[in-house]
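Chemist: Mind having a look at this structure? Questions to follow.
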Protein chains: 2
Amino acid sequence: MREVGIIGVGHTKFGALGRVTSRELIVSAASEAMEMSQKGRDDIDAIYVGQLSPDIFEHQMHAAPGIPDYLGLANTPSTRVEAACASGALSVMQGAIAVASGFYDTVLSAGAEKMTSLPTSHVTEALAMCSDNEYEANLGITFPGAFAMMARAHEIQFGTNAEMRASVAVKAHKNAVHNKLAQFPKEITMEKAMHSLMIADPLTLYDCSPITDGAAAVMIVPWEEAKKFDGPKVKIKAFSQASDTMALHDRADITGFDTTKIAGRKAYKMAGLTPKDIDFVEVHDCFTIAEIIATEDLGFFEKGKGGYAVIDGETARDGHLPVNNSGGLKAKGHPIGATGVSQIAEVFKQLNDMVEPERQLKDINFGMTQNLGGSGSTIVAHIFERGN
Amino acid sequence: MREVGIIGVGHTKFGALGRVTSRELIVSAASEAMEMSQKGRDDIDAIYVGQLSPDIFEHQMHAAPGIPDYLGLANTPSTRVEAACASGALSVMQGAIAVASGFYDTVLSAGAEKMTSLPTSHVTEALAMCSDNEYEANLGITFPGAFAMMARAHEIQFGTNAEMRASVAVKAHKNAVHNKLAQFPKEITMEKAMHSLMIADPLTLYDCSPITDGAAAVMIVPWEEAKKFDGPKVKIKAFSQASDTMALHDRADITGFDTTKIAGRKAYKMAGLTPKDIDFVEVHDCFTIAEIIATEDLGFFEKGKGGYAVIDGETARDGHLPVNNSGGLKAKGHPIGATGVSQIAEVFKQLNDMVEPERQLKDINFGMTQNLGGSGSTIVAHIFERGN
């Protein structure tokens, strides 16, 4: 299996983008990635697209061939992969496997979702289908409820309280301020975060990521080619995936995710690294508690200490491990299929000194991403190394 | 890239299966594939699942992790791939790429759909979303209509008439008689086929494949391992995929599919074979005209001669190129995500002398499959070689 890298990324504005399709959004992000990587129509061997449900959001199934169609490269194989909110990172991982195999040389992996056309209640109902429908969604539980149970369990066992969760939200919004692609580039106060509308006790409005439209794309090539490329690049040091039971009630513990632990371990092993080597990370903060849990499960903080690390500033931009310096799902936005690709595009840009100066991290060599699907029944992790 | 093979398959009965989920159907087919390949829980590195829309058919998104969950191997990575009616073959192709890469050693690829829970009108509406929604489904065209236009164009240009189309249906039903897994294992007469209910002029009821529940699964391993396996096996000589415009109106010609031609050429090249080397084939006869077109596009018959080949008996069980000896989608049934995997399971069984004696082909070394998505905007082709 040969080593692989990324030589270009694209990313639309995230937000409520009005009358536009996910197909158009992907074409926009893909065009940017093609330009950055200096790849033309004839250079792309295959496309992987991560999308949760163009079926329900846009009445369009079989969405993947629509991408090469609109990009003017209609006979290029195009495959949709779906793993709930982890669809995006999975499209990158499948692309990476395909290039690593030697079967394809150049793969465009993209992700998108167009969500704001439906009423919020419909979106919440649709997303709930990513749990175990027979035992969860069908009986009325939605994801805010599922993550609220995790937050409550974590609070009882480890003291991870509302202040710690709100601190995640405040940090996310502060980080997003200079991210011109973020949905909510504005600061919020602790006061506001802690006293916002109750959504699912103990999670309040600012504990929850928003409903968003957007797309992101990356260009994957063999590392042999990437390292000679006269432009931005990163090496994909590791990709990994793990699954868990669909239903929360089948797990021994809901204060953490076995999937994140397993995917993390596999990624560290493949990269030949440990958590100490990672300079910054983008994790899946669909809810504030999910960020805290992710930083514990990935081995950055001891179990139960993730919440304390946030209030101590350890995960802030100037902390020893910046977490979600992009603003995360919370403030950058969470267009489901795009999210995992967006995390990777962010790490790519950080490692190539390409983000806005106010939020560019210094002295970084390794960045990691963790993308979560359902109530953690899919996790996809990636580790990237600076290429220039 | 290393060579890969298949060492076990599983296949549920196809039909209207009542109160069962696609998850349960896949577990059934997967268990059979695991037993045949002598693979236990700890042996499987990853799972790929082809499904069109558990979202709409079963109110279950993020269906893939549900498979290892119910199989008792919950942390095994599980990825759903979707390409309309070609989802199944694509799950096998992605599994083959992953094993060929060396990233995984043992992959279970499966496909399923549970369709009969919804009223027929809902199913037809859902399937129509696999066309270009903005320009086709949204304006009222469904797949019987799209393939009717192709049938009409083919009839005008090449004289492919109702008798030829009906002959495809009669052959399919005759072939299915001894297939104990088929939905409609019973013969029909030419009289009945030609005078059945008009669905979309000129296609009548017996020109159309049915709505079906079912699942199929295959176990993919490196060929180095497969060839030492003391059991049934085939070598995967080739896998290929091509896309085309979503909308029919963007194509220069609707009497054939560029995707089938391209995927076929790529497959022959990868296998080092020509159409003459293929002993039998399972093609995607969602409508009778689609079978005729597929045999032309794959190079078995000259353009415009596919219909004549059928009435001349060339594609019958005792013809020089048996086509859809299983009964095809038409009589075996068409549970969308399962279909491509079912075609491959059939070729596997034929090449290992494992089907019912009445329909076992003799002196066969190479079998091919062609799986179609949408109105041909995705095609996935495979070629297999006898392993024993």
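Chemist: Among the residues of region A:343-368, count how many are farther than 18 Å from A:K171 by Cβ and of a type in the set (S, T, N, Q).
Modeler: Counting residues in region A:343-368 that are farther than 18 Å from A:K171 by Cβ and of a type in the set (S, T, N, Q) gives 2.
Chemist: Would you check which residues across region A:132-157 are facing chain B (nearest Cβ under 8 Å) and either under 23 Å from the mean Cα position of the chain (by Cα) or part of a helix (DSSP H, G or I) (or both) and list them?
Modeler: Within region A:132-157, A:D132, A:A137, A:N138 meet the criteria.
Chemist: Out of A:T124, A:T106, I need the residue that is over 25 Å from B:I262 (Cβ atoms) and more than 7 Å from every other protein chain (Cβ to nearest Cβ). Which one?
Modeler: Residue meeting the stated conditions: A:T124.
Chemist: Name the residues in region A:52-69 that are at the interface with another protein chain (Cβ under 9 Å from one of its Cβ atoms) and either surrounded by fewer than 24 Cβ atoms within 10 Å (Cβ to Cβ) or farther than 15 Å from B:Q241 by Cβ (or both), would you?
Modeler: Answer for region A:52-69, where residues must be at the interface with another protein chain (Cβ under 9 Å from one of its Cβ atoms) and either surrounded by fewer than 24 Cβ atoms within 10 Å (Cβ to Cβ) or farther than 15 Å from B:Q241 by Cβ (or both): A:L52, A:S53, A:P54, A:D55, A:I56, A:E58, A:H59, A:Q60, A:M61, A:A63, A:G66, A:D69.
Chemist: Also, I was wondering about something else. Out of everything in region A:364-388 that is more than 14 Å from every other protein chain (Cβ to nearest Cβ) and of a type in the set (A, V, I, L, M), what residue ends up being nearest to the chain's Cα centre (by Cα)?
Modeler: Result: A:M368.
Chemist: Tell me, which residue of region B:226-250 that is at the interface with chain A (Cβ under 9 Å from one of its Cβ atoms) and of a type outside the set (S, T, N, Q) is nearest to the chain's Cα centre (by Cα)?
Modeler: Ranking the qualifying residues of region B:226-250, first place goes to B:F239.
Chemist: Have a look at B:H334, B:H382 and point out the one that is buried (at least 24 other Cβ atoms within 10 Å of the Cβ), touching a strand residue (DSSP E or B) at 6+ places or on another chain (Cβ under 9 Å), in contact (Cβ under 8 Å) with a residue 40 or more places away in the chain and in a loop (DSSP other than H, G, I, E, B).
Modeler: Being buried (at least 24 other Cβ atoms within 10 Å of the Cβ), touching a strand residue (DSSP E or B) at 6+ places or on another chain (Cβ under 9 Å), in contact (Cβ under 8 Å) with a residue 40 or more places away in the chain and in a loop (DSSP other than H, G, I, E, B) holds for just one of B:H334, B:H382, which is B:H334.
Chemist: What pairs come out if I take residues in region A:114-130 that are closer than 11 Å to A:A84 by Cα and pair them with residues that are among the hydrophobic types (A, V, I, L, M, F, W, C) and surrounded by fewer than 17 Cβ atoms within 10 Å (Cβ to Cβ) whose C-beta lies under 9 Å away, six or more apart or interchain?
Modeler: A:A126/A:L118
Chemist: Is it the case that some residue within region B:76-91 is away from every other protein chain (no Cβ under 12 Å) and within 30 Å of A:A242 (Cα to Cα)?
Modeler: Yes, the conditions are met somewhere in region B:76-91.
Chemist: Read through the list (1) in a loop (DSSP other than H, G, I, E, B); (2) facing another protein chain (nearest Cβ under 9 Å), then give the number of the only condition that B:S117 fails.
Modeler: (2)
Chemist: Considering only region A:351-364, I want to know if a residue exists there that is closer than 19 Å to A:Q51 by Cβ, touching a residue at least 24 places away in the same chain (Cβ under 8 Å) and not basic (K, R).
Modeler: For region A:351-364, residues closer than 19 Å to A:Q51 by Cβ, touching a residue at least 24 places away in the same chain (Cβ under 8 Å) and not basic (K, R): absent.
Chemist: If I go through region A:158-214 residue by residue, how many of them are in a loop (DSSP other than H, G, I, E, B), of a type outside the set (D, E, K, R) and in contact (Cβ under 8 Å) with a residue 40 or more places away in the chain?
Modeler: Final tally of qualifying residues: 16.
Chemist: I've got another one for you. Take the conditions outside the structural domain of A:D285 (by TED's automatic domain parsing) and either surrounded by 23 or more Cβ atoms within 10 Å (Cβ to Cβ) or not in a loop (DSSP other than H, G, I, E, B) (or both) and apply them to A:Y104. Does it pass?
Modeler: So A:Y104 fails the test.
Chemist: Step by step: first the residues of region B:31-51, then only those that are surrounded by 24 or more Cβ atoms within 10 Å (Cβ to Cβ) and away from chain A (no Cβ under 14 Å), then the one that is farthest from the chain's Cα centre (by Cα). Which residue is that?
Modeler: Here the answer is B:S37.
Chemist: Scan region A:318-359 for residues that are of a type in the set (G, A, S) and closer than 17 Å to A:A290 by Cα and jot them down.
Modeler: If the condition is that a residue be of a type in the set (G, A, S) and closer than 17 Å to A:A290 by Cα, then A:S326, A:G327, A:G328, A:A331, A:G333, A:G340 are the ones that fit.
The values are calculated or read from the model by the stated rules, or taken from the named source; none is laboratory data. Given the structure is predicted, the values throughout are model-derived calculations rather than measurements. Neighbour counts run over all protein chains shown; Cβ positions are idealised from the backbone, glycine included.
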